[in-house]
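Undergrad: Quick one: this structure, given as structure tokens, is what I'll be asking you about.
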Amino acid sequence: RSMAEKKNERRGLGRGLSALMADVAPAATQADPAQAPRVAVESRIPVDRIDPNPTQPRRDFAEDDLRELSESIREKGIIQPLILRKKAGDSGRYEIVAGERRWRAAQAAQLHEVPAIVREYTDTEVLEVAIIENIQRSDLNPIEEAAGYRQLMERFGHTQEKIAEALGKSRSHIANLLRLLNLPDEVQRMIREGALTSGHARALITTEDPVKLARHVVAKGLSVRETEKLAKKPAAEKKEPSQAPKKDADTRALEQDLSAALGMQLRIDHKPGGESGRMTIEYADLDQLDRLCQALSQGRE
């Protein structure tokens, strides 16, 4: 895709992040007229006329969780309606925007119809809502949550502040999670598998060898506090005057913040005792270079 097409995708959001957030959790925000949907018709739709969203970022649904939800639905019914849109080219079928897990559980409970709200959505909004719904999962690990935030930032142009406001999170929570995506793949895998918590991982971000330290933390079963002390210990004890001076904590934190905001690796080399230096941004592919060029050119528009 061209730069113009990507720019239109990022700027063409119909109702904004807060309004889409209201669709995923309508009970919490429906009282606000500003969040009113363009088309909202609540009805009961046959389950066999509903198709899953092919762009749904979540592809795995735990059988035990579905079974538990199915039993709850069989006993109490579906409390929160599914969000659907009419399928293009087929007036008799619908596509899931939010609620695929409820739809699957309803099928297992042998329900013939499900409560649903049918709304108009663009393809872009469908993907955006799917990401928002995915972020709200109770079983989400920190890496999956961070990846969701990065998708909202990179694909749709949302800022950390807007995401925090819409999702009811603090900006620092989102920034800290985004920093985890700068860790090596092996450390991210440990976080996904639950061997490391996000607290452990944050302590590893600024260390020289996070993989080695992560392996030690897991092997010894260290607490977050013990990991933090261990991460600081080498910097305090290791003195090598022949090497270049280490970066101060403020510079490292700035590198992490900018890297998280851009979704790219960024390095700052400041000349000791001076006011000049160099900032290096590494892009992994041409799509990242494209996004960087857009970000740098926004101030001239």
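Undergrad: Can you tell me which residue in segment 157-173 is least open to solvent (accessible area, probe 1.4 Å), limited to those that are within 23 Å of I191 (Cα to Cα) and free of Cβ contacts under 8 Å to residues at least 12 places away in the same chain?
TA: Per the criteria, the residue is A164.
Undergrad: Scan segment 272-293 residue by residue and report those that are under 22 Å from Q256 (Cβ atoms) and touching a residue at least 40 places away in the same chain (Cβ under 8 Å).
TA: R291
Undergrad: How about segment 217-229: which of its residues are open to solvent by less than 80 Å² (accessible area, probe 1.4 Å), more than 18 Å from I143 (Cα to Cα) and either out of contact with any Gly (no Cβ under 9 Å at 6 or more places or on another chain) or among the hydroxyl-bearing types (S, T, Y) (or both)?
TA: If the condition is that a residue be open to solvent by less than 80 Å² (accessible area, probe 1.4 Å), more than 18 Å from I143 (Cα to Cα) and either out of contact with any Gly (no Cβ under 9 Å at 6 or more places or on another chain) or among the hydroxyl-bearing types (S, T, Y) (or both), then V217, G221, L222, S223, T227 are the ones that fit.
Undergrad: Let me ask something additional. When you check N176 against the structure, is it open to solvent by 20 Å² or more (accessible area, probe 1.4 Å), in contact with a helix residue (DSSP H, G or I) (Cβ under 7 Å, 6 or more places away or on another chain), part of a loop (DSSP other than H, G, I, E, B) and of a type in the set (S, T, N, Q), yes or no?
TA: It is false that N176 is open to solvent by 20 Å² or more (accessible area, probe 1.4 Å), in contact with a helix residue (DSSP H, G or I) (Cβ under 7 Å, 6 or more places away or on another chain), part of a loop (DSSP other than H, G, I, E, B) and of a type in the set (S, T, N, Q).
Undergrad: Could you grab the pairs with beta carbons closer than 8 Å, sequence gap of 6+ or different chains, first residue in segment 193-213 and closer than 12 Å to N176 by Cβ and open to solvent by less than 60 Å² (accessible area, probe 1.4 Å), second one in a loop (DSSP other than H, G, I, E, B) and not polar (S, T, N, Q)?
TA: Note: pairs meeting the criteria are A201/L183; I205/L183.
Undergrad: Of all residues being part of a loop (DSSP other than H, G, I, E, B), touching a residue at least 24 places away in the same chain (Cβ under 8 Å) and open to solvent by 40 Å² or more (accessible area, probe 1.4 Å) in segment 114-156, which is nearest to D287 (Cα to Cα)? Just the residue, please.
TA: My answer is T122.
Undergrad: Check segment 252-275 and report whether any residue there is assigned to a loop (DSSP other than H, G, I, E, B) and touching a Pro at 6+ places or on another chain (Cβ under 9 Å).
TA: So far as segment 252-275 goes, yes, one or more of its residues are assigned to a loop (DSSP other than H, G, I, E, B) and touching a Pro at 6+ places or on another chain (Cβ under 9 Å).
Undergrad: Moving to a separate point now. In segment 73-92, what count of residues is obtained for those that are surrounded by 14 or more Cβ atoms within 10 Å (Cβ to Cβ) and either in a strand (DSSP E or B) or among the small types (G, A, S) (or both)?
TA: The qualifying residues number 5.
Undergrad: Could you please give the count of residues in segment 167-190 that are within 13 Å of the chain's Cα centre (by Cα) and more than 22 Å from R252 (Cβ to Cβ)?
TA: Total meeting the criteria: 2.
Undergrad: Is at least one residue of segment 100-107 in a helix (DSSP H, G or I), among the hydrophobic types (A, V, I, L, M, F, W, C), under 18 Å from the mean Cα position of the chain (by Cα) and surrounded by 21 or more Cβ atoms within 10 Å (Cβ to Cβ)?
TA: no
The values are calculated or read from the model by the stated rules, or taken from the named source; none is laboratory data. All of these numbers come straight from a predicted model, not from anything done at the bench. Positions of Cβ are generated from backbone atoms using ideal geometry, with glycine treated the same way; all protein chains shown enter the neighbour counts. Calculation scope for accessible area: heavy atoms of the full protein, side chains included, ligands and nucleic acids excluded. Shrake-Rupley method; radii C 1.70, N 1.55, O 1.52, S 1.80 Å.
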